[in-house]
Amino acid sequence: MFILTKSLLALMIGFIISTTIGYFLIPLLKKFNVGQRISVFVAEAHKKKNGVPTMGGLIFIIPTFITVLIMYFTKKININSNLLIVLFVFVAYAVLGAIDDIIKLKRKQNEGLTEIQKLFGQVIIAIVFFYIYMKSGSEPLLWFHAFNLKVNVGWLYGFFILFMLVASSNAVNITDGLDGLAGGLSFIASLVLGVITWTTNWLLGYEDIAIFCFILSGSILGFLVYNTYPAKVIMGDTGSLCLGGVLATIAILIRREITFAVIMGVFVIETLSVIIQVFSVLVFKKKVFLMTPLHHNFEKLGWKEQDIVKLFWICGLILGTAALIYGAWL
């Protein structure tokens, strides 16, 4: 009961601060013309979103950080090496995404940092992650829970960290195309990771990381107040890169990378749809989908945006529940 109380408290504080900050931040973003630039290649229905305030990820990034500080100074959580890694990746990816968004705004187009520049930033983040991780005494293990198999991969673990961070952040970024889609799925993912983290009592600071997950869940829920259809604000790369990076970080620390792929199943499918489409066009000169990512394919089929988001949320909830049953119960 105590665990449940702490988790709900963390979630509610994050939600309250997030909704409050969103109420004041959105008018500020409008005042400074921080508007989203919509690509000319998207569906016609999306053209009306041109100019909707972007960088809305700040609505859950700032409250999450503030709530962590509140709980730290009230001695509800402790800052340890593992939570430090989580906070570092959370802030670092938010900064990387914010730089990308700011460049887009200055250029007044939908192109920010180049792929090489983004990758360079992600490599630096992965190196710092790996350094803190190894200095804390953690082992570079790939842990296959189903077979109770642990494989020590040594310094190659650094590349694995980079792959996880890059894949997850890009997957959330790709999925962030409909009002509330990436936010709702990230809310489910952070909630599921929080519950699973409570069971990893072998991990240093597992309680603190679990509480962070619930704080993040509450903050995302507050963001969704303004991001669901019709969206008053868009999370931008500031939010999508940040969410993907920090969720992958938590999965790595609790050694649930394969379970994480199930939790993030909708994000994975969205990313695969893009890869399949590109491969098919380059090799066979033929499209598999009407348009990618997959949510745009449903739009081309005549589905309403709200219905697509609901379907994807339901799929995310089913996958998250399956991962939860395996990761925290069985």
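Throughout, read-outs are computed from the coordinates displayed, never taken from laboratory work. From a predicted model like this one, the values you see are computed outputs, not experimental measurements. FYI the Cβ positions are ideal-geometry reconstructions off the backbone, even for glycines, and counts take in every protein chain you see.
Here are some notes:
- GNM flexibility winner over the chain from THR67, THR114, THR197 (Cα, springs under 10 Å): THR114
- Among LYS108, LYS30, LYS285: highest mean-square fluctuation, GNM of the chain, C-alpha pairs under 10 Å: LYS285
- Given their separation in residues at 0.36 nm each and the Cα-Cα distance between them, VAL151 and VAL278 gain 42.3 nm when the chain is fully extended.
- The mean sequence distance of close C-alpha pairs (under 8 Å, at least 6 residues apart), as a share of the length of segment 131-268, puts its relative contact order at 31 percent.
- Whether segment 234-330 is rounded, prolate or oblate, judged on the alpha carbon gyration tensor where a/c under 1.5 counts as rounded: prolate
- Spatially proximal aspartates and glutamates relative to LYS104 (Cα-Cα < 15 Å; intrachain offsets below 8 disregarded): GLU115, ASP237
- Global form of segment 143-211, assessed from the alpha-carbon gyration tensor, a/c cut-off 1.5: oblate
- Qualifying lysines (Cα of each under 30 Å from Cα of LYS106; at least 8 residues distant if same chain): LYS30, LYS31, LYS47, LYS48, LYS49, LYS118, LYS232
- Residues of segment 230-269 with amide N under 12 Å of a point placed 7 Å along Cα→Cβ from LEU141: 254-256
- Within straight-line cross-link reach of LYS287, lysines at Cα separation under 22 Å, skipping those fewer than 8 residues along the same chain: LYS300
- Relative contact order of segment 48-186: 16 percent, from C-alpha pairs under 8 Å at least 6 residues apart in sequence.
- The chain: calculated mean residue ellipticity at 222 nm from DSSP helix runs of at least 4, using -39500 (n - 2.57): -23000 deg cm²/dmol
- Checking the cross-link pairs LYS76/LYS135; LYS285/LYS310; LYS75/LYS150 against a 28 Å limit on the alpha carbon distance flags LYS285/LYS310; LYS75/LYS150 as lying beyond it.
- Separation of alpha-carbon centers, segment 1-27 and segment 180-198, rounded to whole Å: 15 Å
- Taking the chain and dividing mean pair separation by its residue count, relative contact order in percent (alpha carbons under 8 Å, at least six apart): 27 percent
- Considering only LYS287, LYS104, LYS118, the Gaussian network model of the chain with Cα springs below 10 Å gives its largest mean-square fluctuation to LYS287.
- Oblate is the label for segment 53-147, because a/c, from the alpha-carbon gyration tensor with a ≥ b ≥ c as root eigenvalues, is 1.5 or above and a/b does not exceed b/c.
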